[in-house]
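A short worksheet on the structure shown next.
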Amino acid sequence: MGAPTSVMTGLARRLVIENVISENVANDAVAAAAREQVRLTAYLVGKGLAKPMDIARAASVEFGDPIFDLSALDLDQIPKNLIEEKLARKHGCLPIYQRGRRIFIALTDPTDQAALRDIAFTTQLNTVSILVEEDKLQATLDTLFKSVSNFLGDGADESYGDIEFESGGGDEESDQEETRATEDDAPVVRFIQKMLLDAVAAGASDLHFEPYEKTYRVRFRIDGVLREIARPPVQLSKNLSSRLKVMSKLNIAERRLPQDGRIKLKLRGGHSIDFRVSSLPTLYGEKLVLRILDSSSAKLGIDALGYEPDQKALYLEALEKPQGLLLITGPTGSGKTVSLYTGINILNQPDTNISTAEDPVEINLEGVNQVNVDNKVGLTFASALKSFLRQDPDVIMVGEIRDLETAEIAVKAAQTGHLVLSTLHTNSAPETLTRLRNMGVPSFNVATSVNLVIAQRLARRLCMECRRPQQVPVESLRQVGFLEEDLAKGFQLYEPGSCPKCKDGYKGRVGIYEVMKVTPAIQRIIMEEGNSILIADQARKEGFDDLRRSGLKKVMAGVTSLHEVLRVTTD
């Protein structure tokens, strides 16, 4: 057959020249493919008008590219997370290898500039085309993305008619984006909803959505321990992060900088749960962490927190004082926020003016004036505190004392007729007092303003259904801190078992506290520039239990295990 007489270029022309198809078939196929908005190669193979290998050979001759055999490719090595299935299906293309800033793309038509342009824009990489056969390309795409459909189809199609998601902020454009996301990615939407509801049902405190090079995982923090819950296909990485960002009204186009947002989940019965959302760009995509903020946890009451009777009495006594500084300390995730809110709830009465400065406000409390700190606009803890003092406050809560300016204003407020509650990041109650001095607060101000310091940790509770007796040598008990009087009384230790009602033998958490009142003797040590060791010795002499001793009491009561107490109280 000679050269085509009609106006025909590129692959179609070469197919005619190589006698793969006739000129009439070529003209009809080009018109039909354009009308149906499909690729020419896909149309020819789908209609049985040409064999995939014949098309590939013709393309190789036309464009001078060798044919790559996709069947010999290791699918585990494919950078699946670079483009989404929708884009791959639309253009009939697949990234098969990345080298530096170049991405090699498998195509049946190496001159498909629209495909290469879209992929370059999406990946921000330079594209290099690789010639492949149509049937092998489709088979590879089906294999890769079959795991996605299988994953989303497994338990992700449940109905969520009894819940409602409400995002903070946003505008009309964001709402339109959310509508498009719901229509286009319904299975992903249902999977995200399932994860949020499962996390709430499991009593999780945090959800982690984590992308890696070849895997993606979802983890819940339950009872203080991270547990892997699901492994979605890695090619869903962008879909999952985009959906979560749409729900929390974040900028889905911004993937280079961290962002913070919020989601509100409304359940049946009027109960609502907030999720604080944080996105972080990582090497292989955006990691999103959702902190669950359940307002009901702030209304548990002091009896549910795990204070020993004498510790509870000291806390309530400090809350009844008209002025002074009450400090709660401990690492992140030790329950400081719940302890603070419990105290605020006790103080929240019609005749009391309460103001709080938080970063961010985690739980909304009716009757409390809560301020969100925003350093970008100059609304710092210190500036909020200064404003509070002009607002006729009775009680002030500062989310955290981070610097000398905030510390000095908090101390001043505590010395001028206000009760101030706040937190610090230290390991023990005695170290909190020396930390204030090291920040630059004069010893006299520390000694005269601080009324009470609470250091705390959260330990996992043993499941009462499956805990089992544990035998530990007496000498080992002495080494970890049990007193001779404890050993003389006798007690039974328990270790975790296993049953359907718990996770690894534990169910829920209990607070372990070091509650230290600043007595006249401790004030003298502070004034004399004594260190935290001297303060701790004096506190022990006055009968204030340290964290280890408080934890061992929980062990003797059968509430938790010795291993768990050692885990959370070992510095």
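The values are calculated or read from the model by the stated rules, or taken from the named source; none is laboratory data. Owing to the predicted nature of the structure, the values given are computational and were not obtained by experimental measurement. No Cβ is skipped: glycine too gets one built from the backbone with ideal geometry, and neighbour counts run over all protein chains shown. These accessible areas exclude ligands, DNA and RNA; they are computed on the full protein's heavy atoms, side chains included. Shrake-Rupley method; radii C 1.70, N 1.55, O 1.52, S 1.80 Å.
What the table shows:
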| item | result |
| --- | --- |
| Ala488/Ala313 FRET efficiency (R0 25 Å; Cβ-Cβ; nearest 0.05) | 0.40 |
| FRET efficiency for Glu366 and Met527, using Cβ-Cβ distance with R0 set to 30 Å, rounded to 0.05 | 0.10 |
| Cys with no candidate disulfide partner in the chain (beta-carbon separation under 4.7 Å rule) | Cys93 |
| Theoretical ellipticity at 222 nm over the chain - DSSP helices of four or more residues, -39500 (n - 2.57) apiece, nearest 500 | -12000 deg cm²/dmol |
| Under the Debye formula (equal points on every Cα, no solvent term), log10 I(q)/I(0) of the range 192-298 at q = 0.10, 0.15, 0.23 Å⁻¹ | -0.26, -0.60, -1.33 |
| Where the range 182-287 is the region considered: accessible area per residue in Å², 1.4 Å probe | 42 Å² |
| Label corresponding to Cα Rg over 2.2 N^0.38 Å when calculated from the structure given, among [x] 1.06; [y] 0.97; [z] 1.30 | [z] |
| Carbon plus sulfur fraction of accessible area for the chain, probe 1.4 Å, in percent | 48 percent |
| Charge dipole (the range 182-239, unit charges on Cβ, about Cα centre) - positive-most of Asn239, Gly203, Val225 | Val225 |
| Net dipole in debye of the range 7-51 [+1 Lys, Arg Cβ; -1 Asp, Glu Cβ; about Cα centre; nearest 20] | 120 debye |
| Of the DSSP H helices in the chain, those whose Cα atoms cover at least 30 Å axially and whose Kyte score averages 1.6 or more | none |
| Out-of-range pairs (alpha-carbon distance over 31 Å; input Lys517/Lys554; Lys412/Lys517; Lys287/Lys503; Lys214/Lys266; Lys47/Lys194; Lys264/Lys553) | Lys214/Lys266; Lys47/Lys194; Lys264/Lys553 |
| The range 67-148, dipole about Cα centre (Lys/Arg Cβ +1, Asp/Glu Cβ -1), debye to the nearest 20 | 400 debye |
| Protection-proxy order for peptides 188-199, 505-516, each taking the mean of Cβ atoms within 10 Å per residue, highest first | 505-516, 188-199 |
| Simple Cβ-charge dipole of the chain, Lys/Arg +1 and Asp/Glu -1, about Cα centre, in debye nearest 20 | 840 debye |
